[in-house]
Amino acid sequence: MQPQKQTKFIFVTGGVISALGKGISAAAIGTLLELRGLKITFMKLDPYINVDPGTMSPFQHGEVYVTDDGAETDMDLGHYERFTSAKMGKHNNCTTGRIYYTVITKERQGEYLGATIQVIPHITDEIKATIHKATQGVDLAIIEVGGTVGDIESLPFLEAIRQLRSEVGRDDAVNIHVTLVPYIKTAGEVKTKPTQHSVAAMRQIGIQPDILLCRSEVEINDDLKRKIALFCNVPASCVFTARDAESIYLIPKMLHEEGLDHKLTELLNIWSREPDLSAWNTIEERLAHPGGEVTIAIVGKYVGLTDSYKSLNEALKHAGLGNDVNVKLEFVDSEKLEESGDAALFLAGVDGVLVPGGFGVRGTEGKIQAIQYARENRIPFLGICLGMQLAIVEFARHCCDLKQAESTEFDRNTPHPVVALMEEQKSVKTKGATMRLGAYPCVLAEGSKARAIYGVPKISERHRHRYEVNNDFRGALQAGGLALCGTSPDGKLVEMIEIPDHPWFLGCQFHPEYKSRPIAPHPLFSSFVKASHERALSKPSDKE
Ligand code: GLN
């Protein structure tokens, strides 16, 4: 048997402040190294105590990203999958809570043979084992440590990567430290001191960064790079600027032009080809000169914080790139729409309406009004998960004479429970990971719009929900003119709906946004944006 090849590691840490875009930087580095021909994977280490982010509010933590294997993970895994072809799953995201949970479970089972369980070595050993398990069989693993250096919480993770680096050796691991080099307007200059302090904090815990990736509003010139290098104990050739970008999809190319991927292959002793960036060049070109514009309204609850719909926003942008149009997103607060009782006030000027996934009753009547408006005014409509469930409620109320139609999520005792819990879900009591999660197959009806859009009879898409279309009402919905165009292969679950007698009205019980990529836009979003653009073009222009 061949001995297994050593996986090489890039550890990405962050300094000075949070929200420096470490996740995007890691993803963009992955893009370049994958394009150089390496087989790569990623991991995100999160220093919070939640076992996974599934129970966290999207207001606090941004969207929960769902993988094919049904893991509820950090949003950064979405960036990794969008920027590369690496497949993420439950092993690619690990929290402090998960590590402690495993160690404490082992301790209760007597696996440590009477030892006193400590952060070092037991917690750090568990972290290292988790990293090794998630990164087998690839050439290179990019490991991002959440949080900022100096936080108490991230110390065990940093200690573990320090140990790992000395175990695997210099040629097989590098540390990239992402820092901020702020531009101070009043002084008219950039400041390197926060970076110096941050690197000092890293050195204090035994990690000397190999590469500094300096986030900055302005270009960092060679003199400044030399200064940073001197104070931070790295060669000047290892100081890179990551300038603010108009679009995250410009970052792979920007980092390549800085020479970052070349330097990484040099440090890691990897012989590889130059990356072919042609697909990213096309994206750059289309971003700079879009051939048109569409306005899509997203009618939802988490509109204040667009990170809670991260994958959705990105999927719409990808569809824009695919159609060569700029997609303008208008976030409509469903509660405000509900209060006003006048959907036209919010939606009269838009080219497409999207109601995304969500939980809880707040604003649902507003969403239903938006759906009715899109249906009656023949505006392209896409309903995702809760958005599809509410489209069914709306249709049942107004087209099937089921006036009190409701999801039992919002009214347990409704006489017309068109959306309800299936038997298996009724017995579930805990909250974490109790939903229908991850990839499920769906069969598309011959002759349906959904089937034409996907171009294949069977698809697989990711789910995250508890409620389902109630099969007792299928007959009534179909009699009213709704097509149940996608079902599970055994026919028991409704997965997609459409209104054949409408230019573009589709709903899906799954979340297609998780599988869209800038270089491979998702067919549902592409078709939705295309239909919206056609509507925009057919509208009389304001100037006439
Ligand atoms: N709240 C709904 C359910 O649990 C929809 C969930 C969602 O939109 N992700 O079924």
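The values are calculated or read from the model by the stated rules, or taken from the named source; none is laboratory data. Computed from a predicted model, the values in this text were never measured in an experiment. Here the Cβ is made from the backbone with ideal geometry for all residues, glycine too, and neighbour counts use every protein chain on show. When the accessible area is computed, the model is the full protein with side chains, heavy atoms only, and any ligands, DNA or RNA have been set aside. Shrake-Rupley method; radii C 1.70, N 1.55, O 1.52, S 1.80 Å.
Just to check your reading of the model, which residue among Asp151, Asp223, Asp171, Asp125 is out of contact with any His (no Cβ under 9 Å at 6 or more places or on another chain) and within 25 Å of Thr105 (Cα to Cα)? First the steps, then the outcome.
Numbers: Asp151 fails: within 25 Å of Thr105 (Cα to Cα); Asp223 fails: within 25 Å of Thr105 (Cα to Cα); Asp171 fails: within 25 Å of Thr105 (Cα to Cα).
Exactly one of Asp151, Asp223, Asp171, Asp125 is out of contact with any His (no Cβ under 9 Å at 6 or more places or on another chain) and within 25 Å of Thr105 (Cα to Cα), namely Asp125.
Of the set (1) over 21 Å from Ile371 (Cα atoms); (2) in contact with a His (Cβ under 7 Å, 6 or more places away or on another chain), all apply to Val294 but (1).
Given the criterion open to solvent by 10 Å² or more (accessible area, probe 1.4 Å) and more than 26 Å from Glu217 (Cβ to Cβ), identify the matching residue among Ala71, Ala19.
Numbers: Ala19 fails: more than 26 Å from Glu217 (Cβ to Cβ).
It is Ala71.
State whether the residues of the stretch 79-89 include one that is outside any loop (DSSP other than H, G, I, E, B), of a type in the set (Lys, Arg) and open to solvent by less than 10 Å² (accessible area, probe 1.4 Å).
To start, the set of residues in the stretch 79-89 that are outside any loop (DSSP other than H, G, I, E, B) comprises 79-83.
Next, only the ones that are of a type in the set (Lys, Arg) stay: 82.
Remaining after also requiring open to solvent by less than 10 Å² (accessible area, probe 1.4 Å): 82.
Yes: one or more hits.
Scanning the stretch 285-339 for residues that are among the β-branched types (Val, Ile, Thr), surrounded by fewer than 21 Cβ atoms within 10 Å (Cβ to Cβ) and more than 16 Å from His533 (Cα to Cα) yields Val303, Thr306. Within the stretch 405-422, residues that are among the charged types (D, E, K, R) have Cβ atoms under 7 Å from residues that are surrounded by fewer than 19 Cβ atoms within 10 Å (Cβ to Cβ) in these pairs: Glu406/Thr414, counting only partners at least 6 apart in sequence or on another chain. Taking residues in the stretch 379-391 that are near the ligand (Cβ under 8 Å from one of its atoms), and partners anywhere that are of a type in the set (Ser, Thr, Tyr), the pairs with Cβ atoms closer than 7 Å and at least 6 places apart or on different chains are Gln389/Ser407; Gln389/Tyr467.
Here's the yes/no breakdown for (1) touching a Gly at 6+ places or on another chain (Cβ under 7 Å); (2) closer than 16 Å to Ile211 by Cα; (3) surrounded by 21 or more Cβ atoms within 10 Å (Cβ to Cβ); (4) without any contact (Cβ under 8 Å) to a residue 12 or more places away in the chain:
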{"residue": "Asp151", "(1), (2), (3), (4)": "no, no, no, no"}
{"residue": "Phe157", "(1), (2), (3), (4)": "no, no, yes, no"}
{"residue": "Ile161", "(1), (2), (3), (4)": "no, yes, yes, no"}
{"residue": "Leu164", "(1), (2), (3), (4)": "no, no, no, no"}
{"residue": "Val178", "(1), (2), (3), (4)": "yes, yes, yes, no"}
{"residue": "Val181", "(1), (2), (3), (4)": "no, yes, yes, no"}
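Among the residues making up the stretch 348-362, those that are assigned to a loop (DSSP other than H, G, I, E, B), aliphatic (A, V, I, L, M) and within 28 Å of Ser527 (Cβ to Cβ) are Ala348, Val350. Of the candidates Leu345, Leu402, Leu337, the single residue that is closer than 20 Å to Asp501 by Cβ and not in a strand (DSSP E or B) is Leu402.
Check Ala405, Ala344, Ala374 and return the single one that is farther than 24 Å from Ser308 by Cα, away from the ligand (no atom under 16 Å from the Cβ) and either of a type in the set (A, V, I, L, M) or buried (at least 23 other Cβ atoms within 10 Å of the Cβ) (or both). Let's see the steps before the verdict.
Working: Ala405 fails: away from the ligand (no atom under 16 Å from the Cβ); Ala374 fails: farther than 24 Å from Ser308 by Cα.
It is Ala344.
Scan the stretch 299-321 for residues that are at pLDDT 80 or above and in a helix (DSSP H, G or I) and the total you get is 14.
For the stretch 436-544, which fully contained strands (runs of 3 or more DSSP E) count at least 3 residues that are out of contact with any helix residue (DSSP H, G or I) (no Cβ under 9 Å at 6 or more places or on another chain) and surrounded by 18 or more Cβ atoms within 10 Å (Cβ to Cβ)? Can you show your working first?
Working: elements: 436-444, 458-465, 467-469, 483-487, 494-498, 505-508.
Passing ranges, in order: 436-444.
Here is a yes/no grid of residues against (1) out of contact with any Pro (no Cβ under 9 Å at 6 or more places or on another chain); (2) not small (Gly, Ala, Ser):
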{"site": "Lys458", "(1), (2)": "no, yes"}
{"site": "Glu468", "(1), (2)": "yes, yes"}
{"site": "Gly475", "(1), (2)": "yes, no"}
{"site": "Gly480", "(1), (2)": "yes, no"}
{"site": "Arg517", "(1), (2)": "yes, yes"}
{"site": "Val529", "(1), (2)": "no, yes"}
{"site": "Lys539", "(1), (2)": "yes, yes"}
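With respect to (1) touching a Ser or Thr at 6+ places or on another chain (Cβ under 6 Å); (2) within 13 Å of the ligand (Cβ to nearest atom), the lone exception for Leu354 is condition (1).
Of a type in the set (Asp, Glu) and open to solvent by less than 40 Å² (accessible area, probe 1.4 Å) - does that describe any residue in the stretch 95-114?
Within the stretch 95-114, not a single residue is of a type in the set (Asp, Glu) and open to solvent by less than 40 Å² (accessible area, probe 1.4 Å).
Residue pairs whose Cβ atoms lie under 8 Å apart, separated by 6 or more positions or on different chains, with the first residue in the stretch 345-361 and under 14 Å from Lys328 (Cβ atoms) and the second near the ligand (Cβ under 10 Å from one of its atoms) and in a strand (DSSP E or B), are Leu354/Gly383; Leu354/Ile384.
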